[in-house]
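Down below is the structure, laid out as structure tokens.
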Amino acid sequence: MDNEIISYIEMCQREGASLQRGMNFKMGGNHSVILMSVRPNSPYQDKIEDNGEILIYEGHDVPRTVGTKNPKLIDQPEKLPSGKLTENGKFHQAAKQGDELERVRVYEKIKKGIWSYNGVFHLIDSWQEQDELRKVFKFKLVAVEGDEDFTKPVKQDLPHRRIIPTSVKLEVWKRDGGKCTKCSAIDELHFDHVLPYSKGGTSITAENVQLLCVRHNLQKSDKIQ
């Protein structure tokens, strides 16, 4: 379920792997995983556009080694010295093939120890561009409704959805004290729309977002007609 609040350990358990890097192509062979952040001190320039429907994700740098003092001065690599594709290269190739959309789970770091599951996105484009110092990869992903069943083929032309902006999530977390507004539970929390987006509610103001535990979130969903 998107907008779920999750810990790093829970993320790794869900994906069945230690997520040591932000880009993880073909986890389990049927989907990819991206870890994003739009916080001011983030190492990469990720952006949310089109009122929350589109993620522009920046590729990753060469590893910092003894001979690489500042990776931010070096073009982001498409291939390793061995000739094999980097994660940049794998995502770039998948975006350009075009025969089947790559399905990507996106997790967002909103503050230390707190992550938000932003749901499933489809990778729809990729390119390289010049920043102030070097060439970087950019990946365009669109947030889609459904397509969480990875045992089935990727669904085409799904309705788009909008993710809640990071600033709103942080404001709601602080306002609600990191607890469910109904029972004060501190685990299995979700960012919930008071008035659902499908009913005309908005994602861009904290007034329409609250913290609910999974039990009260499901109870509320059952009542919405």
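The values are calculated or read from the model by the stated rules, or taken from the named source; none is laboratory data. Predicted model, so just to flag it, every value in this text is computed and none were measured. Neighbour counts are summed over all protein chains in view; Cβ atoms, including those assigned to glycine, are modelled from backbone coordinates with ideal geometry. In case anyone asks, the SASA skips ligands and DNA or RNA and just uses the protein heavy atoms, side chains included. Shrake-Rupley method; radii C 1.70, N 1.55, O 1.52, S 1.80 Å.
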Cα centroid of segment 156-196 to Cα centroid of segment 94-134, whole Å: 21 Å
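Heavy atoms only, 1.4 Å probe, whole protein assembly: order GLU102, GLU78 by accessible area, highest first.
I get GLU78, GLU102, largest accessible area first.
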Stretch gain in nm, segment GLN97-GLU145, where the contour uses 0.36 nm per residue and the Cα spacing is subtracted: 15.0 nm
Carbon and sulfur %, accessible surface of the chain computed with the full protein complex present, 1.4 Å: 50 percent
Structure-derived mean projected area of the Cα convex hull in nm²: which label, when the choices are [x] 13.0; [y] 11.7; [z] 13.7: [z]
Charge sum, other residues only, whose C-beta stays under 12 Å from THR181's C-beta, Lys/Arg counted +1 and Asp/Glu -1: +2
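Any idea of the accessible area per residue across segment 117-184, 1.4 Å probe, to the nearest Å²?
Accessible area per residue, segment 117-184: 52 Å².
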Sequence-separation-based contact order of segment 53-100, relative, with Cα cut under 8 Å and 6+ spacing, percent: 25 percent
Only Lys, Arg (+1) and Asp, Glu (-1) charged, at Cβ; the chain dipole about Cα centre in debye: 620 debye
Sequence-separation-based contact order of segment 81-225, relative, with Cα cut under 8 Å and 6+ spacing, percent: 15 percent
Cβ-defined net charge surrounding GLU58, 10 Å radius [Lys, Arg +1; Asp, Glu -1]: -2
Length-normalised contact order of segment 80-151 in % [C-alpha pairs under 8 Å, at least 6 apart]: 24 percent
Residues whose placed amide H lies under 5 Å from that of VAL209, excluding near-sequence neighbours: VAL194
Leading residue at positive end of dipole, the chain (Cβ point charges), from ASN24, VAL62, THR205: VAL62
Amide H within-cut-off set for MET27, under 5 Å, with H built and near neighbours excluded: SER32, VAL33
Nearest-20 debye value, segment 109-179 charge dipole, Cβ charges on Lys, Arg, Asp, Glu: 440 debye
Options ALA95, VAL120, LEU80, ranked by Cα towards positive dipole end of segment 79-122, top entry (Cβ charges): LEU80
Residue-wise HN-Hα coupling along segment 19-24, computed from phi with Karplus coefficients 6.51, -1.76, 1.60 (Hz; x: Gly, Pro): 7, 8, 10, x, 10, 9
Derived scalar couplings ³J(HN,Hα) [segment 74-87; Karplus, 6.51 cos²θ - 1.76 cosθ + 1.60; whole Hz; x for Gly, Pro]: 10, 3, 5, x, 8, 9, 7, x, 6, x, 6, 6, 6, 4
